[in-house]
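Q: Shown below is the structure under consideration.
The values are calculated or read from the model by the stated rules, or taken from the named source; none is laboratory data. These numbers come from a predicted model, not from an experiment. We place every Cβ from the backbone using ideal geometry, glycine too, and count neighbours over all the protein chains shown. Note: accessible area is taken over every heavy atom of the protein model, side chains too, but ligands, DNA and RNA are not part of it. Shrake-Rupley method; radii C 1.70, N 1.55, O 1.52, S 1.80 Å.
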Amino acid sequence: MGAQGAPGAPDGADDPGAAVDDYRPSARRLAHEAYRRARARRAALIAAGSTLATAVALVLLVVGSPGWPAVRRSFLSAEYARQALPEVLRGLRINLELMAVCGVLILFFGLLLAVLRTLSGPVFLPVRLLATAYVDFFLGLPMIICLLVMITGVPALRLTGVTSDPLWLGGAALVMTYAAYVSEVFRAGIESVHPSQRAAARSLGLSNAQAMRYVVLPQAVRRVVPPLLNNLVSLQKDTGLVSIGGVIDAVYAAKIINGRSFNSTPYLVAALVFVVLTIPLTRFTGWLTTRMNRKQQHGGAV
C-alpha cells in the first residue's frame, strides 16, 4: 500500500524524484560556475602557450648552436636508426629478463634484511649489526664499482662451481646493491605501523613472528608500494650497466653498431627504447601514489 501525502501539501512534496526534477540552480550559482569554466579555459590557454613557447625556445637554442650540424649527423641519422632498432630490441630482451629475475630476488632479500634489522631482543644484536653493516656498505658503494668487482674480480678468484658469466655476475651485483635500497624502504614501512598494532596482536595470543607475518607486514608492504615501484624503474635503467662486462643487451648492441659505423645514432635509439618502457611504469606509480593518498585522506585503509 502506497503512502498518502499530507493534506494540503504542495505537489511533489511526497515524491523525492519530483523535487530533484524541479531543482533550478540560482543565478548566483550559474554565474559562479561560468566563472570557474572561464578560469579553467584561461589556465589551459596559458599552460599551452607557455609550454609551446618553452619548446620553441629550446629547439631554437639547440638548432642554432654552432655544433648542431655535427650533432645531427652523429645522433640523428634515420638510416642508422633503422639499422640499429632490430639489434637494440633483440638486446632489450636481456634487459627485461634481467629486470624480472633481479626484481623478484631484490624484493625477497630486501624484505629479509628489513625484518632482520627490526628484530628486537639482545640475542639478535649480531644479526642486526650484520644487516646494518651490509646496508650501510652497499648504500655507499657506487653501482659501477660493484659491477666491476663482481664481473672482473670474482672470475679471477677461480672458485670451483662459481660462474664467470658476466650476465649472472652483473645480475648478482644489481641484486646486492638494490637489496640494500629496498630494505630501507621496507624498514620505513615496518616502522610506520603503530606499535599498538603489534601489541594488540600479542594480546590476542600471536607470537612475535605471527604478529609480524599477519599484522605488521601486510600494512607495511601496502604503504611502500609506490617507492618500490620507483626502485623498479631505476632497476630497469640500471640493467644496461651489465654491458660493461660484455653482455650483449640493448646498450651493448648499440655500442657494436656504433663501433662499425662511427655513428652514435644507435645510442639514441637505445635511450629512446628505455624511455618508452619507463614512462608507463612511472605514470602508473604516480597514479597509484595519488590514489593511496586520496584514500588515506578520506580515512580508508592504506
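Q: Can you work out the accessible area per residue across the stretch 62-158, with the rest of the protein chains kept in place, probe 1.4 Å, in square angstrom?
A: Values: 6030 Å² over 97 residues.
So the stretch 62-158 comes to 62 Å² accessible per residue, rounded to a whole number.
Q: Whenever you get a sec, compute what percent of the accessible area on the chain sits on carbon and sulfur atoms (1.4 Å probe).
A: Numbers: 12710 of 19210 Å².
Here it works out to 66 percent.
Q: Now for a different question. Taking a spot 7 Å from the Cα of residue 199 along the direction of its beta carbon, which residues of the stretch 104-137 have an amide N less than 18 Å from it?
A: 120-121
Q: At 1.4 Å probe size, with no ligands or nucleic acids counted, give the accessible surface of residue 32 in Å², nearest ten.
A: That residue has around 100 Å² of solvent-accessible surface.
Q: For the full complex of protein chains and a 1.4 angstrom probe, list 80, 214, 181 by accessible area with the highest value first. Present the calculation step by step, with values, prior to reporting the outcome.
A: Numbers: 80 65, 214 140, 181 95 Å².
Descending order: 214, 181, 80.
Q: Same structure, new question: Given 166, 147, 217, which one lies farthest toward the positive end of the charge dipole of the stretch 140-226, if we put +1 on the Cβ of every Lys and Arg and -1 on the Cβ of every Asp and Glu?
A: Positive-end residue among those listed: 217.
Q: Now a separate question. Sort 79, 191 by heavy-atom solvent-accessible area, probe 1.4 angstrom, most to least. Don't skip to the end; give the middle numbers.
A: On the way: 79 90, 191 115 Å².
Ranked list, largest accessible area first: 191, 79.
Q: Starting from the eigenvalues of the Cα gyration tensor, five times each then square-rooted, give me the equivalent ellipsoid semi-axes of the stretch 242-302, largest first, whole Å. Numbers along the way, then the final one.
A: Values: eigenvalues 340, 27, 6 Å².
Semi-axes from the Cα gyration tensor: 41, 12, 5 Å.
Q: Could you pull out which residues in the stretch 154-180 have an amide N less than 12 Å from a spot 7 Å beyond the Cα of residue 139, following the Cα-Cβ vector?
A: Inside the label zone: 180.
Q: For the chain, modelled as a Gaussian network with Cα springs under 10 Å, which listed residue fluctuates most, 187, 37, 24?
A: The residue with the greatest mean-square fluctuation here is 24.
Q: A further question on this structure: Would you calculate, for the chain, the mean residue ellipticity at 222 nm contributed by helices, counting each DSSP H stretch of 4 or more residues as -39,500 (n - 2.57) and dividing by all residues, to the nearest 500?
A: -24500 deg cm²/dmol
Q: Under the √(5λ) rule applied to the eigenvalues of the Cα gyration tensor, what semi-axes describe the equivalent ellipsoid of the stretch 189-302? Give them in Å, descending. If you can, show how the numbers build up before the last one.
A: Values: eigenvalues 404, 63, 9 Å².
Taking √(5λ) for each eigenvalue gives 45, 18, 7 Å, largest first.
Q: Let me ask you something else. Only Cα pairs under 8 Å and at least 6 apart count here; give the relative contact order of the stretch 101-191 as a rounded whole percent. List each step's numbers first, then the result.
A: Values: 83 pairs, mean separation 45.5, N = 91.
Relative contact order here is 50 percent.
Q: Could you order 164, 183 so the one with the most accessible surface comes first? Probe is 1.4 Å.
A: From most exposed to least exposed: 164, 183.
Q: Another question, then. Can you list, bin by bin at 20 Å, the percent of alpha carbon pairs in the chain, starting at 0?
A: 21, 39, 27, 11, 2, 0
Q: Here's something else I'd like to know. What figure in square angstrom, to the nearest 10, would you give for the accessible area of residue 285 with a 1.4 Å probe?
A: 10
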